[in-house]
Amino acid sequence: MRGRATQWLLAVVACLAMIGLHAFTGEFPQESVRQVQLGQAARLYGSTITANSWTIGQVLYEDDRFVGRSGVMFLAVNVTVATDSPQELRSEWQVGGTANGHTLAARADLRPPQPGFTRTQDVVFELNPDDLAGFTLTVLDRAPIFAFDPQLNIDLGITAQHAADELERARYATVRAASGSIQVIR
């Protein structure tokens, strides 16, 4: 009987070690990666996320405060998050972008609103103009369930020709980003 209890104890310790290793390294494959397009709503646990539009420029203002001028360019993606879950979300979202094999970090996190509200905010990236075409916004939910981190990949629909046209038109423009406006879900 003692040998069987030891085997069970070792099995439990091994499982806990695997969960801890994943939490520490994050090296489990993404089992739930959902691809969506600009303007298409997608669920991420108790919230619905929609990337509405994007703008580019070399000068950045956030909430009417001058942030700076970039030697490359700023990309602001306008995102709406609606939380209709009756409970406050306890997960952590990591927001980034990918283009041309590069992974880019956002200047600030995407913050889910309290239950019953929507938040519309701009997520800003500083990037090389060559990385505009094919840019994909990524939202990864580091949920409290250790082995399952759902991710949204939102294709902004920026083709090479569209990127070239926008760079010619607005490369030196001013980007006015907002940190968020809150509204009640009706």
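Of all residues in segment 44-57, those that are under 20 Å from R171 (Cα atoms) and in the same structural domain as H162 (by TED's automatic domain parsing) have Cβ atoms under 7 Å from Cβ atoms of residues that are surrounded by 18 or more Cβ atoms within 10 Å (Cβ to Cβ) and of a type in the set (G, A, S), 6 or more apart or on another chain, in W54/A76; T55/A76.
Among V175, V123, which is within 16 Å of the chain's Cα centre (by Cα) and assigned to a strand (DSSP E or B)? Can you show your working first?
Numbers: V175 fails: within 16 Å of the chain's Cα centre (by Cα).
V123 is the lone residue from the list that is within 16 Å of the chain's Cα centre (by Cα) and assigned to a strand (DSSP E or B).
With respect to (1) among the polar types (S, T, N, Q); (2) on the phi > 0 side of the Ramachandran plot; (3) touching a Gly at 6+ places or on another chain (Cβ under 6 Å), the lone exception for Q121 is condition (2). Taking segment 29-77 as the region of interest, none of the strands (runs of 3 or more DSSP E) fully inside it holds 2 or more residues being under 14 Å from the mean Cα position of the chain (by Cα), within 26 Å of L167 (Cα to Cα) and modelled with pLDDT under 90.
Over 14 Å from the mean Cα position of the chain (by Cα), part of a strand (DSSP E or B) and of a type outside the set (V, I, T), is that true of Q183? Considered against the rule, which asks whether it is over 14 Å from the mean Cα position of the chain (by Cα), part of a strand (DSSP E or B) and of a type outside the set (V, I, T), Q183 comes out as yes. Of everything listed in (1) out of contact with any helix residue (DSSP H, G or I) (no Cβ under 8 Å at 6 or more places or on another chain); (2) at pLDDT below 85, the single unmet condition for D122 is (2).
Using the structure shown, decide if T136 is over 20 Å from Q35 (Cα atoms) and β-branched (V, I, T). It is false that T136 is over 20 Å from Q35 (Cα atoms) and β-branched (V, I, T).
The values are calculated or read from the model by the stated rules, or taken from the named source; none is laboratory data. Computed from a predicted structure; not experimentally measured. Reconstructed Cβ throughout: ideal geometry from the backbone, glycine too, with neighbour counts over all protein chains shown.
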